[in-house]
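Asker: Before anything else, here's the structure in question.
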Amino acid sequence: MILPTEGKNKRIFLAGKGGVGKTTMACATALYTADCGYKTLLVTTDPAAHLANVLEQEVSSSPKQVLNANLWAVRIDPKVAFERYKERILMAAKDSFGAQGSLAVIREELDSPCTEEIAVFQEFLNDLLSDDYEVLVFDTAPTGHTLRLLQLAWDYETELSHKSSFTAETSALDNAELLRMREAIRVLQSKNETAMVFVTLAESTPIAEMERAIEDLKRADIETQAIIVNQILPKEAAGSRLFGARRERQQEYLVELERRHSLRIVTECELFDDDVTGSEPLRQIAAQMFAKHTVRGV
């Protein structure tokens, strides 16, 4: 399910409500695939992500090797993405138009919040379609932001489809970008190339948000392949009445999730007694995540 098959690169998305442990699970997954010998890039699209804290290594807007000879990590920084995008657009405009007046107008139009969203999306696309890595693991922003990021592929594809029909002077560039968007959509919808994994807690609110997101993705023909239920109380910790009742409720949620998602992998990770940071705790998390299921297929 998470390792490459049929000679194709694999993209793995860790999604879910804020605070459920997506970053930890993404780091554990990326370290696991790297330990399996696959050249892996761990990407965070969450501006508030604490990737560096979990990895115990600095993470910047350029890929940097971390923890393992096969593992790199990168953070999509909105401000850096914005500057890169603006510079690229202005350079292209200068080559096409040259006039300072036209450049001034374009520069003014670029200074808008919408431009930052486009810039972040372009950085995301660069990673999604990269052939430099065999596995790409995406630590995503909370559910709503992630759905918006993915939806942009369809929005731009629709916009470019109309534009390429009516704008002859830029048709070559538009068509190239249109093909790129369609390739991104194809990759996202491919079960062999993309694994959508939701992280949740055994609680009503994160489960309800996850269920809605799964349905939203299904309407876009993106299938969720696995669910990780995080922070399950270990059996030995359930000695008191409070923790015993809490664990019992968690087990009820697990049974219900397995019933409702019988065609998906539903796995669990226990609550640790300390922060999960650094390579060894992450490997322990990965061992729990992948202990019960094959990683090459459901």
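Asker: Grab the other residues whose beta carbon is less than 15 angstrom from that of ASP77, score K and R as +1, D and E as -1, and report the net.
Answerer: -4
Asker: Further question: From the helices alone, meaning DSSP H stretches of at least four residues, give me the mean residue ellipticity at 222 nm for the chain, per-run term -39500 (n - 2.57), in deg cm²/dmol to the nearest 500.
Answerer: The helix contribution divided over the chain gives -17500 deg cm²/dmol.
Asker: A follow-up question, please. Out of the range 36-85, which trypsin sites (Lys or Arg not before Pro) are coil in DSSP terms and have no more than 14 other C-beta atoms within 10 Å?
Answerer: none
Asker: Where the only charges are on Cβ atoms (+1 Lys, Arg; -1 Asp, Glu), what is the dipole of the chain about its Cα centre, to the nearest 20 debye? Can you show the working numbers first?
Answerer: Values: 34 positive and 46 negative charges, 142 e Å.
I would put it at about 680 debye.
Asker: Could you line up ARG249, ARG180 from fewest to most neighbouring Cβ atoms inside 10 Å?
Answerer: ARG249, ARG180
Asker: Let me ask something else. Given the pairs LYS10/LYS79; LYS17/LYS191; LYS39/LYS79; LYS22/LYS218; LYS8/LYS64, which span a C-alpha to C-alpha distance of over 25 angstrom in this model?
Answerer: With Cα atoms farther than 25 Å apart: LYS10/LYS79; LYS39/LYS79.
Asker: If the reach is capped at under 15 angstrom between alpha carbons, list the aspartates and glutamates near LYS86, excluding any in the same chain fewer than eight residues apart.
Answerer: Excluding near neighbours in sequence, the set is ASP77, ASP95, GLU108, GLU109, ASP111, GLU116, GLU117, GLU123.
Asker: Going by how many other Cβ atoms sit within 10 Å of their own, how do TYR32, TYR253 line up, fewest first?
Answerer: Working: TYR32 25, TYR253 17.
Ascending number of Cβ neighbours within 10 Å: TYR253, TYR32.
Asker: What percent does the relative contact order of the range 167-286 come to when contacts are Cα pairs within less than 8 Å and at least six residues apart?
Answerer: Value for the range 167-286: 23 percent.
Asker: Return P(r) of the chain (all Cα-Cα pairs; 5 Å bins starting at 0; whole %; ordered from short to long distances).
Answerer: Result returned by the calculation: 1, 5, 11, 15, 17, 15, 12, 9, 6, 4, 2, 1, 1, 0, 0, 0.
Asker: Relative contact order of the chain, please, whole-number percent, based on alpha carbon pairs below 8 angstrom and at least 6 residues apart.
Answerer: For the chain, the relative contact order is 27 percent.
Any read-out appearing in this document is the output of simple, stated calculations on the displayed coordinates, not a laboratory observation. This one's a predicted model, so the numbers in the text were calculated from it and none came from an experiment. Here Cβ is always computed from backbone atoms with ideal geometry, including for glycine, and neighbour counts include all displayed protein chains.
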